[in-house]
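The values are calculated or read from the model by the stated rules, or taken from the named source; none is laboratory data. Computed from a predicted structure; not experimentally measured. Positions of Cβ are backbone-derived with ideal geometry, glycine not excepted, and every protein chain shown enters the neighbour counts.
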Amino acid sequence: MTNFWDIEFWNNSLSKWLFFICIILGASGLIKLLSKIFINDKNPEEVNTEVKFKGVIKVLFKNCIIPIAYTACLYYAFQALTVPEKLSNAINYGMLIAITFWVSYGLGAIVSYIVRKFVQAKYGIDTEARQSNGIIMVVKLIIWLGAFIFIIGNFGYDIRAIITGLGVGGVAIALAAQTILSDLFSYFGIFFDKPFAVGDFLIVDDKLGSVEHIGIRTTRLRSINGEQLVFSNSNLTNSRIHNYQKLERRRVLFRFKVDLSTPSDKLATIPDRLKQIVESQPDTSFDRAHLAAIGDYSYEFEIVFQSLSPEYMHFMDKKQAVKIEIVKLLEELDVKLAIPTYKILNHDQTKSFEEDEL
């Protein structure tokens with residue numbers, strides 16, 4: 001009489017099928033138990049965005065280690081069964097592809113953590129960390145390319161021929177895509193040298209705006225009029241860039257002209273009074289004030305001071321306040337601003353007219 005457990009189903013006894021099911025259920029239960037122990041956050045991805053090692057480990061455990069464990073569990077469960085050769089080969093290849101995929105994913109996550117942690121440790125600003133996305137993408141591309149070559153090699157293909165072909169193809173692609181590669185290397189230069197960052201206000205030639213995004217190929221600025229300005233990275237790094245975000249203070253220089261009829265004693269008083277005006281303004285630093293030039297119809301004064309803030313609005317406010325005080329000073333001293341005056345001689349009669357200075 002045949003034993004119940006020796007009854008075969010698809011060339012395998014019921015005892016083998018029971019062992020197969022026990023392996024899957026037991027391993028799945030153990031994996032779920034470990035998951036509850038190591039993953040207790042509702043949103044581990046949010047921890048990862050803070051670039052914390054503990055958060056990265058949890059994400060790796062959930063998105064990499066657990067899938068590998070399930071794949072290995074299923075693979076070893078099938079080893080308990082007698083399966084056709086074609087199905088056995090398919091299972092082996094599937095196991096290889098799955099493990100390679102999840103290991104590559106894990107390596108990419110580790111590289112992402114290392115790069116972001118390095119950037120945040122060096123610059124300490126989250127916007128700086130977001131600029132590392134381009135480098136992370138390139139490194140991940142290399143990892144996945146290596147994984148592809150590894151799988152192809154295990155499928156029985158000649159890896160050396162593939163690498164040689166990739167080398168020749170790479171040279172051809174490099175020659176055909178010199179502009180793209182130039183932009184890519186310029187991106188690396190921007191990332192490591194840091195001439196500017198997201199949020200900086202730049203003037204590039206006759207264009208100006210705030211940096212919104214730094215990509216692998218292009219950098220995007222938002223102009224003061226609202227439109228978006230797009231620069232290729234190579235064009236941007238080859239230009240003369242004025243980065244106003246690096247300002248610690250702003251220099252103010254302007255001139256004004258007084259009438260030639262102004263007495264010398266009042267002319268001597270004006271520079272000292274200008275110094276007093278600037279020093280009375282908060283968050284300013286006086287530099288100099290001089291009678292800079294004597295022209296055809298005026299005495300020209302020059303005043304220089306520092307606005308002790310990088311903000312443009314602060315700069316304009318201080319400049320305006322000083323000019324208003326200068327107007328009050330001239331009224332107090334009864335000194336008139338110069339107006340260009342010309343005389344036309346016609347025989348014995350002299351006619352004069354005045355015109356406003358442009």
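Points worth noting:
- If you filter region 264-323 down to residues that are assigned to a helix (DSSP H, G or I) and small (Gly, Ala, Ser), you find that the one that is surrounded by the fewest Cβ atoms within 10 Å (Cβ to Cβ) is Ser264.
- Taking the criterion of being among the polar types (S, T, N, Q) and assigned to a helix (DSSP H, G or I), the only residue of region 241-263 that qualifies is Gln245.
- Within region 232-257, the residues that satisfy the criterion of being modelled with pLDDT of 90 or more, of a type in the set (A, V, I, L, M, F, W, C) and either within 20 Å of Ile214 (Cβ to Cβ) or surrounded by fewer than 15 Cβ atoms within 10 Å (Cβ to Cβ) (or both) are Leu253, Phe254.
- With respect to the conditions (1) aliphatic (A, V, I, L, M); (2) closer than 22 Å to Phe185 by Cβ; (3) modelled with pLDDT under 85, Leu202 falls short on a single one, namely (3).
- Tabulated pairs, region 172-200, first at positive phi, second part of a helix (DSSP H, G or I) and modelled with pLDDT under 75, C-beta under 7 angstrom, 6+ apart or interchain: Gly199/Thr127
- Contact map, region 136-160: first residue of a type in the set (S, T, N, Q), second residue surrounded by 12 or more Cβ atoms within 10 Å (Cβ to Cβ), Cβ cut-off under 6 Å, separation 6 or more or different chains; pairs are Asn154/Leu96.
- Test: residue in region 4-24 that is surrounded by 14 or more Cβ atoms within 10 Å (Cβ to Cβ) and either modelled with pLDDT of 75 or more or not assigned by TED's automatic domain parsing to the domain that holds Thr100 (or both): yes
- Considering Val59, Val83, Val47, the condition of being modelled with pLDDT under 75 and not in a helix (DSSP H, G or I) is satisfied by Val83 alone.
- Test for Ala90: is it small (Gly, Ala, Ser), modelled with pLDDT of 80 or more and surrounded by 13 or more Cβ atoms within 10 Å (Cβ to Cβ): no
Here's the yes/no breakdown for (1) among the hydroxyl-bearing types (Ser, Thr, Tyr); (2) assigned by TED's automatic domain parsing to the domain that holds Leu208; (3) modelled with pLDDT under 95:
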{"residue": "Asp259", "(1), (2), (3)": "no, no, yes"}
{"residue": "Thr262", "(1), (2), (3)": "yes, no, yes"}
{"residue": "Lys266", "(1), (2), (3)": "no, no, yes"}
{"residue": "Thr284", "(1), (2), (3)": "yes, no, yes"}
{"residue": "Arg288", "(1), (2), (3)": "no, no, yes"}
{"residue": "Asp296", "(1), (2), (3)": "no, no, yes"}
{"residue": "Phe301", "(1), (2), (3)": "no, no, no"}
{"residue": "Leu308", "(1), (2), (3)": "no, no, yes"}
{"residue": "Phe315", "(1), (2), (3)": "no, no, yes"}
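- Residue among Ile37, Ile66 that alone is surrounded by 12 or more Cβ atoms within 10 Å (Cβ to Cβ), modelled with pLDDT of 70 or more and either in contact with an Asp or Glu (Cβ under 6 Å, 6 or more places away or on another chain) or among the aliphatic types (A, V, I, L, M) (or both): Ile66
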